[in-house]
Amino acid sequence: MITGEGRFDAQSGYGKVASHVLSEAGRRGCPVGLVAGTIGASTTDFAAAVSLAELAGSVELSMADPLSFCRSAGRLLADRLIPHS
């Protein structure tokens, strides 16, 4: 499962969608990947995490072409979450 938000930070664990998805998926044994514009808190509870700003090199660049960086993030998460033989 993949979830995301604009900025993953210390408040994200307190009722934001990403924390709710992580909790529900965890009850079902489903790994969760996170995509966020920026990441400012620990993501160790997620199976994988990708920051669009890191991919792009800056927040400004990620916002200039968000679709391209979301696609790249999806590919990275698929590589990290789907077992390869």
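Brief remarks on what is shown
- For the chain, the extents of the C-alpha atoms along the principal axes are 37, 37, 18 Å, listed from largest to smallest.
- Virtual spin-label span in nm between Asp79 and Met1, 7 Å along Cα→Cβ: 2.6
- From most to least packed by mean Cβ count within 10 Å, the peptides 40-46, 3-9 give 3-9, 40-46.
- Applying both filters, DSSP loop and at most 11 other Cβ atoms within 10 Å, to the trypsin sites (Lys or Arg not before Pro) of the range 12-65 gives Arg28.
- Between the amide H of Thr43 and any residue lying 5 or more places away or on another chain, no distance stays under 5 Å, with hydrogens modeled in the peptide plane.
- Rounded to whole Hz, the Karplus (6.51, -1.76, 1.60) HN-Hα couplings of the range 17-24, x for glycine and proline: 4, 4, 5, 5, 4, 4, 5, 5
- The charge dipole of the chain, taken about its Cα centre with unit charges on the Cβ atoms of Lys, Arg (+1), Asp and Glu (-1) only, comes to about 280 debye.
Taken together, the values in this text are just the output of simple stated rules run on the coordinates, not laboratory data. Predicted, not measured: the structure shown is a model, and the values here were computed from it. Here Cβ is always computed from backbone atoms with ideal geometry, including for glycine, and neighbour counts include all displayed protein chains.
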